[in-house]
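One structure is given below, encoded as structure tokens.
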Amino acid sequence: MKQYRVGIIGCTGMVGQRFATILENHPWFKVTALAASARSAGKPYKEALEGRWAMSSPIPPALADLPVYDAQKDIDQVVSLVDFVFCAVNMKSEEIMALEEAYAKKECPVISNNKQHRGTPDVPMIIPELNADHHKVIEHQRKRLGTKRGFIAVKCNCSLQSYVPAIHPLMDLGVTKVLACTYQAISGAGKTFETMPQILDNVIPYIGGEEEKSEQEPLKIWGHVEDGVIVNACSPSITSQCLRVPVSDGHMAAVFFSLEKKASVEEILERWKNFRGPAQELELPSAPRQFIHYFEENDRPQPKLDRDIEGGMAISAGRLRPDTQYDYKFVCLSHNTLRGAAGGGLLMAELLCKLGYFD
Ligand SMILES: NC(=O)c1ccc[n+]([C@@H]2O[C@H](COP(=O)([O-])OP(=O)(O)OC[C@H]3O[C@@H](n4cnc5c(N)ncnc54)[C@H](OP(=O)(O)O)[C@@H]3O)[C@@H](O)[C@H]2O)c1
């Protein structure tokens, strides 16, 4: 397989660092350009990261001395060095929209972890096991942007990454309503225990914008392609509360749901066990072999024990049982910076690569 050259925009951030580590030794992709803000630009990667490297493995040696470019000013240079970019930056919303469109219009595909284009109807938001067919809107998007090659594809919010895959295999049973309370790790805010000491012995009952994303983004994922755009699904009705908890990595969710057609616990577990999608069928390098891992033990899954299952790319669930208000309830977990962010972006890039979008 051909090797594709990749850039990381936001390479010094929490998600950017994850991209740097998971792309080390990737069979298809090789990092050839790094970019961040003017604060980091001009420095070798290791210097720009001084005191900020938050991953458990060291900075990949092949990247340590690469220069960091200014993502906004050096766009032509970055584009000349890559076949596509991953983008995860912390900037004003309008600046992110403009930055991503600027790269796409320079004929550079953008795989984004930012939220700004998630609502754009011709920008696909793909979880490869669930809605791979949404890639079809890229053709329409390219026409809108006036590009031959450039486009934007986005990764969904990390809060819904555990429960949407678990609900998905039940959708043909008519899922009518979902209630999801999430317990989210501090790396989701780009923080560590050193940079967020106020979280120790504490829970913060508000994460700005997260509940809206948890309730609305699944409807795009469950939407269908019509006339070159994604038409959102009308159901299920979803309500959520999102809390920040003192956990380094791994977002949990306590989920309740109701079905139109009744199903037994055994039938739901069987559907979870057998669930696979294009990521597995196409044998994408980062795809988990078993997407949903179910634990019979009442005290699992736990972030500390289970977030890294299948390299942090699988999700895990437990405690499925009948409920008095809804039909069923369960708990689930996904690694927020792996499957929920960089790993999910990488898997989407592998799918689009396999479909020829980076050629
Ligand atoms: N953390 C997660 O689990 C997670 C999950 C899903 C999505 N996301 C999304 O991913 C994005 C990044 O999140 P993060 O947690 O990685 O943030 P972060 O740790 O704060 O990192 C932000 C990155 O953006 C760069 N940046 C800031 N201003 C810039 C500018 N003017 N031009 C170019 N680059 C600039 C920073 O570069 P400097 O170091 O040079 O300032 C840094 O590389 C956000 O949109 C976030 O919502 C995060």
Criterion (farther than 24 Å from LYS115 by Cα, more than 16 Å from the ligand (Cβ to nearest atom) and not assigned by TED's automatic domain parsing to the domain that holds PHE256) met by exactly one of ASP299, ASP323, ASP327, ASP359:
ASP359
Counting only residues that are over 15 Å from the mean Cα position of the chain (by Cα), within 15 Å of the ligand (Cβ to nearest atom) and either on the phi > 0 side of the Ramachandran plot or hydroxyl-bearing (Ser, Thr, Tyr) (or both), the stretch 182-220 contains a total of 5
One residue is enough: does the stretch 253-272 have a residue meeting the conditions within 18 Å of the chain's Cα centre (by Cα), assigned to a strand (DSSP E or B) and under 29 Å from GLY10 (Cβ atoms)?
yes
Residues of the stretch 188-215 classified as in contact with a helix residue (DSSP H, G or I) (Cβ under 6 Å, 6 or more places away or on another chain), farther than 20 Å from VAL331 by Cβ and either modelled with pLDDT of 95 or more or not in a loop (DSSP other than H, G, I, E, B) (or both), total
2
Taking the stretch 289-310 and the residues there that are touching a residue at least 40 places away in the same chain (Cβ under 8 Å) and surrounded by 15 or more Cβ atoms within 10 Å (Cβ to Cβ), the one that is nearest to GLY344 (Cα to Cα) would be PHE291
Failed criterion for GLN116 (all others in (1) in contact (Cβ under 8 Å) with a residue 40 or more places away in the chain; (2) crowded, with 20+ Cβ neighbours inside 10 Å; (3) polar (S, T, N, Q) hold)
(1)
Give the residue that is surrounded by the most Cβ atoms within 10 Å (Cβ to Cβ), with candidates limited to residues of the stretch 55-78 that are touching a strand residue (DSSP E or B) at 6+ places or on another chain (Cβ under 8 Å) and among the β-branched types (Val, Ile, Thr).
VAL68
Restrict the check to the stretch 324-333 and report whether at least one residue is within 15 Å of the chain's Cα centre (by Cα) and either modelled with pLDDT of 95 or more or surrounded by fewer than 23 Cβ atoms within 10 Å (Cβ to Cβ) (or both).
yes
Just checking, which of VAL82, VAL110 is more than 15 Å from the ligand (Cβ to nearest atom), under 19 Å from LYS30 (Cβ atoms) and under 23 Å from the mean Cα position of the chain (by Cα)?
VAL82
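The values are calculated or read from the model by the stated rules, or taken from the named source; none is laboratory data. No experiment lies behind these values; they were computed from the predicted model shown. Don't worry about glycine lacking a Cβ; one is built from the backbone with ideal geometry, like all the others, and counts go over all protein chains shown.
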